[in-house]
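Visitor: The structure's right below; bear with me while I get my questions together.
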Amino acid sequence: MTDFAAQLRRYYVLYTGGFLAFIALLGVLERFGMPPRWIGYAFLFLTIILYATIGILARTANISEYYVAGRRVPALFNGMATGADWMSAASFIGLAGTLYLSGYQGLAYVMGWTGGYVLVALLLAPYLRRFGQFTIPDFLGARYGGNGARLVGVFATVLASFVYVVAQIYGVGVITSRFVGLQFEIGVFVGLAGILVCSFLGGMRAVTWTQVAQYVILIVAYIAPVAMLSFKVTGVPVPQAVYGQVLQKVQGLEAQIFDRPAEVEARQLFRARADEYHERVMRLPDSLDEEKQRLSQRINELRSSTAQMRDVIVLEKERREMPKTPDAAHERWDAAMRAAAERGAEPVHHSTAFPGRDEAASNTARLNFLTLVFCLMVGTAALPHILIRYYTTPTVREARNSVTWSLFFILLLYLTAPAYAVFAKFEIYSHLVGTSIAQLPGWVSAWGKIGLVSIEDINHDGILQLAELALNPDVIVLATPEIAGLPYVISGLVAAGALAAALSTADGLLLTIASALSHDVYYKMFRPAATTQWRLVVSKSVLLVVAVLAATVASQKPATILFMVAWAFSLAGAAFFPALVLGIFWKRANKAGAVSGMIIGLLVTMIYMVRVHFDAIPWLGIHGIAMEPWLGIQSTSAGIWGVMIGFVTIVVVSLLTPAPGREVQDFVEEVRYPESESAERP
């Protein structure tokens, strides 16, 4: 194993040097006039070809290699692979953007995600490696007996992983549509091809070695732009060390911008628009007919006057696109009302903790912060695609060490994300806000074409106010090189890093879903005598079907990346965390308790999540389902209810039903003492 690890180090050192040389070459070519579009193509397609090559070279038909990489991944490289698997499009694209928009409140993601790995190291990873099978439902089936817990585990694995993988494929669509010029929906399916090559051909073996390569790309791509921006602003290329100085400058700019008369006027106009939409919603269906009549009357007036034809065409288009039914009008106008109210709200200072209009609102913000940290921690500790990575190490000790390496590699990104947010905010506040709308930089319109940046001169003064600028959080990292005026090769590098982050996580998630369905359902429950060849055929077929379904959902743009990921964490935490922890540390937990706790915890989380975030699900014909959050806790923290109810349900039901047999209790005892290397399971 030592020789194998040394050989891997040599390979990846050479690979890293080659990648840095490739960046330098593109930088030189840009200086000599290479078009930006070609640079985007070079980064996108050459990196995908690289991943495909690794996938082809690592293809396998061995079951152990396909599901757990042969259990011979050294701790250092498993840590890198876990880091890439973990640092999804949410971390790479969404985290800095969320910190940009919400400031202090966004630190909940950093604290929750890093704190979750402490739970993994202390409560789960070594014990699951000691168990030594292929999937998390495998453990649930062995610990609680029968197929009940296994089947619920499969459903929860598929649900949480599917929501998570949709977010990754959505990120791929954003990247390809901006940097290659593809239509978003087409870019989603083009990126899907890159995702499938590794997981389809070589399973966990190919995914692992590809993820190590992807980690190198994504961490270089994440740190390089903000380091260059830091040097440009402060003269120091270490943003993590100096972003506090820039934060002070941001606070000074906030004091100047927030109270400008034009800024206050813009916010008032947006609030007035929100009130108007609220009145329309309350007066439905009459308001819909009135609005159609108003537009028709206005069109007739313009036609009979000397107005320009383009004004008539604009109004005719608006009339054609009017909602056809009161339900459709309610959905559209409610969304418009919320958007206007958000832009008209009083801006929050970046460093203000738990912001609110009064003490009650501040307490609600604090509660949401703490519950989100909790949900992200338990979700991290329960995500199946992360936990199965610790099946791939040679020993229990290596599993525990790989968690430490995982934390280190993840820390490199998470220490940089707050700096990203502050430096991007400084550039926007100092060089964009307050400038003429007619002279805005090209990146504003470029990102506006794919719906991630929106400008509206609501007070018609020709000057961009902060309230008139709407940025989707997913744009901050991707646009930072353009915001800072860096060479386009840096933009291409960031796109390649974001793509690596999305592809690495999507590979792991798709493989987790396919493994759960092919191994735990097909092999363990329906055809225990199935040959190795048939098991792999089923796994790859399922993987392909799930991938296409996920791409189809992602093409509908269901929510921002970070929102979808937070939902996945809540679902995973509610379904798995209580059953896994009590299954390892409490012998009295039994099958009835585990199945009841998992089902009830998952149902409560799903119902709360859907009803708090959505008022309607049109494609199911469901309307008017919205509810007020309990204690003001938002849908991203829905898992708080499911986890608590899950623990209580497992304990109560287990105590009211017969204790598990001696064989199960001996199994718990064996799993609980993982330090005995000689007795480890293969």
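Visitor: Of the residues MET80, MET111, which is at pLDDT 90 or above and surrounded by 24 or more Cβ atoms within 10 Å (Cβ to Cβ)?
Guide: Values: MET111 fails: surrounded by 24 or more Cβ atoms within 10 Å (Cβ to Cβ).
That would be MET80, the only listed residue that is at pLDDT 90 or above and surrounded by 24 or more Cβ atoms within 10 Å (Cβ to Cβ).
Visitor: Quick check: anything in the stretch 649-660 touching a Leu at 6+ places or on another chain (Cβ under 6 Å), at pLDDT 90 or above and part of a helix (DSSP H, G or I)?
Guide: Taking the stretch 649-660 and keeping what is touching a Leu at 6+ places or on another chain (Cβ under 6 Å), we get 650.
Narrowing the set further to residues that are at pLDDT 90 or above leaves 650.
The next check asks that each one be part of a helix (DSSP H, G or I); those that pass are 650.
Yes, some residue in the stretch 649-660 is touching a Leu at 6+ places or on another chain (Cβ under 6 Å), at pLDDT 90 or above and part of a helix (DSSP H, G or I).
Visitor: Hey, another quick one. Restricting the search to the stretch 304-338, which residues are within 14 Å of ASP289 (Cα to Cα) and in contact with a strand residue (DSSP E or B) (Cβ under 9 Å, 6 or more places away or on another chain)?
Guide: Within the stretch 304-338, ASP327, HIS330 meet the criteria.
Visitor: Name the residue that is surrounded by the fewest Cβ atoms within 10 Å (Cβ to Cβ), counting only residues in the stretch 449-484 that are part of a helix (DSSP H, G or I) and small (Gly, Ala, Ser).
Guide: Applying the filter and picking the extreme gives ALA479.
Visitor: Right, something else. Residue check: is GLU291 within 28 Å of ASP457 (Cβ to Cβ) and touching a residue at least 24 places away in the same chain (Cβ under 8 Å)? I'd like the intermediate steps shown before the answer.
Guide: Details: within 28 Å of ASP457 (Cβ to Cβ): yes; touching a residue at least 24 places away in the same chain (Cβ under 8 Å): yes.
Against the criterion (within 28 Å of ASP457 (Cβ to Cβ) and touching a residue at least 24 places away in the same chain (Cβ under 8 Å)), GLU291 qualifies.
Visitor: Return only the number of the condition from (1) in contact with an Asp or Glu (Cβ under 8 Å, 6 or more places away or on another chain); (2) of a type in the set (S, T, N, Q); (3) over 28 Å from ALA616 (Cβ atoms) that SER287 does not satisfy.
Guide: Single failed check for SER287: (3).
Visitor: Separate question: Using beta carbons and a limit of 7 Å, which pairs, at least six apart or on different chains, have the first residue in the stretch 412-425 and more than 9 Å from ALA96 (Cα to Cα) and the second one charged (D, E, K, R) and surrounded by 23 or more Cβ atoms within 10 Å (Cβ to Cβ)?
Guide: Listed pairs, sorted by first residue: none to list.
Visitor: Can you pull out every residue in the stretch 32-68 that is more than 30 Å from ARG535 (Cβ to Cβ) and surrounded by fewer than 18 Cβ atoms within 10 Å (Cβ to Cβ)?
Guide: PHE32, GLY33, MET34, PRO35, PRO36, ARG37, TRP38, TYR41, PHE45, LEU46
Visitor: If I filter the stretch 395-448 down to residues being hydroxyl-bearing (Ser, Thr, Tyr) and in a loop (DSSP other than H, G, I, E, B), which single residue comes out as surrounded by the most Cβ atoms within 10 Å (Cβ to Cβ)? Let's see the steps before the verdict.
Guide: From the stretch 395-448, those hydroxyl-bearing (Ser, Thr, Tyr) are 395, 402, 404, 406, 414, 416, 420, 429-430, 435-436, 445; that's our starting set.
Filter once more, keeping what is in a loop (DSSP other than H, G, I, E, B): 395, 416, 435.
Details: THR395: 17, THR416: 22, THR435: 13.
In this case the residue turns out to be THR416.
Visitor: Of everything in the stretch 498-538, what is over 25 Å from the mean Cα position of the chain (by Cα) and touching a residue at least 40 places away in the same chain (Cβ under 8 Å)? Give them in sequence order.
Guide: HIS519, ASP520, VAL521, LYS524, MET525, THR532, GLN533, ARG535, LEU536
Visitor: Hey, another quick one. Condition test on ALA589, is it hydrophobic (A, V, I, L, M, F, W, C), over 19 Å from ILE633 (Cα atoms) and not in a helix (DSSP H, G or I)?
Guide: Details: hydrophobic (A, V, I, L, M, F, W, C): yes; over 19 Å from ILE633 (Cα atoms): yes; not in a helix (DSSP H, G or I): yes.
So ALA589 fits the description; yes.
Visitor: Restricting attention to the stretch 539-556, which residues are surrounded by 21 or more Cβ atoms within 10 Å (Cβ to Cβ) and either of a type in the set (S, T, N, Q) or free of Cβ contacts under 8 Å to residues at least 12 places away in the same chain (or both)?
Guide: SER539
Visitor: Answer yes or no: is there a residue in the stretch 16-23 that is surrounded by fewer than 19 Cβ atoms within 10 Å (Cβ to Cβ), among the polar types (S, T, N, Q) and more than 25 Å from ILE195 (Cα to Cα).
Guide: No, the conditions are met nowhere in the stretch 16-23.
Visitor: Residues that are surrounded by fewer than 24 Cβ atoms within 10 Å (Cβ to Cβ), over 16 Å from LEU415 (Cα atoms), in the same structural domain as LEU370 (by TED's automatic domain parsing) and among the small types (Gly, Ala, Ser): does the stretch 69-77 have at least one?
Guide: yes
Visitor: Here's a follow-up. Suppose we keep only residues that are assigned to a loop (DSSP other than H, G, I, E, B) and among the small types (Gly, Ala, Ser) within the stretch 611-630. Which one would you say is modelled with the highest pLDDT? Spell out how you get there, then give the answer.
Guide: Of the stretch 611-630, the ones assigned to a loop (DSSP other than H, G, I, E, B) are 614-615, 621, 624-629.
Those still in the list that are among the small types (Gly, Ala, Ser) too: 621, 624, 626.
On the way: GLY621: 69, GLY624: 75, ALA626: 80.
Among those that are assigned to a loop (DSSP other than H, G, I, E, B) and among the small types (Gly, Ala, Ser), it is ALA626.
Visitor: Looking only at the stretch 132-162, filter to residues that are surrounded by fewer than 23 Cβ atoms within 10 Å (Cβ to Cβ) and part of a helix (DSSP H, G or I); which one of those is nearest to the chain's Cα centre (by Cα)?
Guide: Residue satisfying both the conditions and the ranking: PHE162.
Visitor: Could you tell me whether TYR104 is of a type outside the set (Asp, Glu), at pLDDT 90 or above and in contact with a His (Cβ under 9 Å, 6 or more places away or on another chain)? Talk me through it step by step, then tell me what you get.
Guide: Working: of a type outside the set (Asp, Glu): yes; at pLDDT 90 or above: yes; in contact with a His (Cβ under 9 Å, 6 or more places away or on another chain): yes.
Here the answer is yes, as TYR104 does meet what is asked.
Visitor: Show me the helices (runs of 4 or more DSSP H) entirely contained within the stretch 227-306 in which 3 or more residues are among the charged types (D, E, K, R) and surrounded by fewer than 17 Cβ atoms within 10 Å (Cβ to Cβ).
Guide: Details: elements: 239-257, 261-282, 286-303.
Fully inside the stretch 227-306 and qualifying: 261-282, 286-303.
The values are calculated or read from the model by the stated rules, or taken from the named source; none is laboratory data. Computed from a predicted structure; not experimentally measured. A quick note on method: Cβ atoms are made from the backbone with ideal geometry, for glycine too, and the neighbour counts reach across all protein chains shown.
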